[in-house]
Amino acid sequence: MDENEEQHNRFFYYDARTNTKFTDKAEINTLDLLKKGKNKMVNFELSQWIDFFNARTKEEMKMLQTISLPEIKQAAEIVEYVNQDKELRIQAEQRENALRAFRSEIAGSKEEGLKEGIKKGLKEGIEKGKEEGLKQGIEKGLKESKIETAKNCLTRGFDIETISAITGLTSQEIEKLKITIYADTIQCTKNL
């Protein structure tokens, strides 16, 4: 960002090519705390927030509590309350550390649970896949066995109804096999 004399800057999203504003619902505001004395045209509320962020002593915080803006007064009261008692400040820091540790532990537990769930899901998926593959293999083997039996019966002169009763194949499937056997026989005869 180019340096300027402004204490408060507002930035909007623009299309660089067309210089068209993207939206009026989003903006970035920057506040340069070091420029308080340089710009006298700052509004009152902004000036009070700058004073709050720049306050370094108890007296400055006390003075801020007398200001009419309720948000700044509340923020100053919280800062004073936490800072007035060393033991209270330590407790507040310990509580914050405990909350951070708890959130971290929860996040780690969630991640660990997710990994374990994925691992278990993959294992179950592989097992189910093996079972399904075995089932399909058995079904395919049975079908091939039925077809082979039907071919043998056809070459021995069995009728289609009998072959269907023996193998469980439909009469249409057996008819197709009969045509295939006949075509193979003709091909073999031609090759002799």
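The values are calculated or read from the model by the stated rules, or taken from the named source; none is laboratory data. Treat the numbers as computed from the prediction; the structure is a model and nothing was measured. Note that we place each Cβ from the backbone using ideal geometry, even for glycine, and neighbour counts take in every protein chain shown.
Do we find that Ala165 is in a helix (DSSP H, G or I), more than 20 Å from Tyr182 (Cβ to Cβ) and at pLDDT below 85 in this structure? Steps first, please.
On the way: in a helix (DSSP H, G or I): yes; more than 20 Å from Tyr182 (Cβ to Cβ): yes; at pLDDT below 85: no.
No, not satisfied.
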Among (1) assigned to a helix (DSSP H, G or I); (2) more than 37 Å from the chain's Cα centre (by Cα) - the single one Gly121 does not satisfy: (2)
Residue within region 95-102 that is part of a helix (DSSP H, G or I), under 29 Å from Gln48 (Cα atoms) and in contact with a Lys or Arg (Cβ under 9 Å, 6 or more places away or on another chain) present: no
Close pairs (6 angstrom Cβ cut-off, 6 or more residues apart or separate chains): charged (D, E, K, R) in region 145-170, part of a helix (DSSP H, G or I) and surrounded by 19 or more Cβ atoms within 10 Å (Cβ to Cβ) anywhere: Lys146/Thr167; Lys151/Leu177
Filtered residue count, region 85-135, keeping only those that are surrounded by 10 or more Cβ atoms within 10 Å (Cβ to Cβ) and within 30 Å of Lys58 (Cα to Cα): 14
